[in-house]
Amino acid sequence: MDKYPPLEMRIQEKKPSFFLKLEQVIERGVVWFLHHWLAFFNLLFLLYVGLPLLAPVLMEVGAETPANVIYTMYRPACHQLPERSFFLFGPSPVYERSELPANGVADSDNIFVRRQYIGDPEHGYKVAICERDVAIYGSMFLMGLLFALMRGRLPRLKARYLLLFVLPMAIDGGTQLIGLRSSSWLLRVVTGTLFGVGLIWFAYPYIETSMRQTLLRQQTLKGHDD
């Protein structure tokens with residue numbers, strides 16, 4: 001006889017306690033995640049890239065408080081520098097530092113001051129994450145949709161080929177970081193997109209296999225318990 005009988009048996013043997021109910025809820029949650037992990041991640045990436053795009057829309061319609069909440073939420077995750085961010089509702093979607101207003105904030109040499117500039121009616125309002133992050137998380141979301149459509153038919157990306165997707169961003173971002181050169185918005189978008197596509201293409205087939213194996217083991221154990 002098993003030392004620890006199945007959860008269903010313990011629930012039938014006596015009135016479920018709080019901890020047994022909690023265990024049941026957790027077990028159901030785990031099973032749900034095993035079945036719907038792809039939808040979960042796709043929704044997660046959609047929200048992560050969608051909220052920053054919503055911030056300038058809210059600014060444009062005068063909803064400054066919720067817009068500022070979004071900018072603040074993403075501040076720890078992104079530098080939010082205006083010269084490296086997309087702008088909406090202005091004459092240009094991107095600006096060089098020299099094109100930003102000389103107001104002591106947008107043109108400041110202090111990046112912690114400069115990042116606080118979110119835009120104005122003349123220039124439009126910036127997206128709450130930088131151009132590269134928009135490309136990374138946007139491409140991860142789109143690649144997740146493609147994976148869902150081609151489930152089981154998309155070949156695995158080998159680790160050595162993953163480097164081809166990662167290195168361009170590492171080189172572009174690294175050389176800019178140490179001051180060897182200045183990147184452009186197009187390079188940031190292209191390299192960020194490559195990184196996002198490569199990462200999802202490499203990881204999702206392995207996650208899919210792991211989830212299926214876990215479900216199979218769980219179903220086998222449950223069959224033995226029955």
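General observations
- Candidate set: region 55-66, residues that are aliphatic (A, V, I, L, M) and surrounded by fewer than 18 Cβ atoms within 10 Å (Cβ to Cβ); chosen: the one nearest to the chain's Cα centre (by Cα): VAL57
- Every residue from region 164-182 that is without any contact (Cβ under 8 Å) to a residue 24 or more places away in the chain and over 20 Å from the mean Cα position of the chain (by Cα): ILE171, ASP172, GLY174, THR175, GLN176, LEU177, ILE178, GLY179, LEU180, ARG181, SER182
- Exclusive hit being of a type outside the set (D, E, K, R), over 16 Å from ILE136 (Cβ atoms) and touching a residue at least 60 places away in the same chain (Cβ under 8 Å), set VAL94, VAL49, VAL61: VAL94
- Failed condition for ALA128, given (1) over 30 Å from PHE87 (Cα atoms); (2) small (Gly, Ala, Ser); (3) in a loop (DSSP other than H, G, I, E, B): (1)
- Just one of the listed residues (ARG10, ARG28) is within 25 Å of THR220 (Cβ to Cβ), at pLDDT below 80, among the basic types (Lys, Arg) and out of contact with any Ser or Thr (no Cβ under 8 Å at 6 or more places or on another chain), and it is ARG10.
Quick grid of which residues meet (1) modelled with pLDDT under 95; (2) assigned to a helix (DSSP H, G or I); (3) more than 17 Å from ARG84 (Cβ to Cβ):
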| position | (1), (2), (3) |
| --- | --- |
| LEU154 | yes, no, yes |
| ARG181 | yes, no, no |
| ARG188 | no, yes, no |
| LEU194 | no, yes, yes |
| SER210 | yes, yes, yes |
| THR220 | yes, yes, yes |
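- Verdict on ASP133 being within 30 Å of GLY62 (Cβ to Cβ), surrounded by fewer than 16 Cβ atoms within 10 Å (Cβ to Cβ) and either touching a residue at least 24 places away in the same chain (Cβ under 8 Å) or not polar (S, T, N, Q) (or both): no
The values are calculated or read from the model by the stated rules, or taken from the named source; none is laboratory data. Note that the structure is predicted; figures quoted are calculated from it, not measured. FYI the Cβ positions are ideal-geometry reconstructions off the backbone, even for glycines, and counts take in every protein chain you see.
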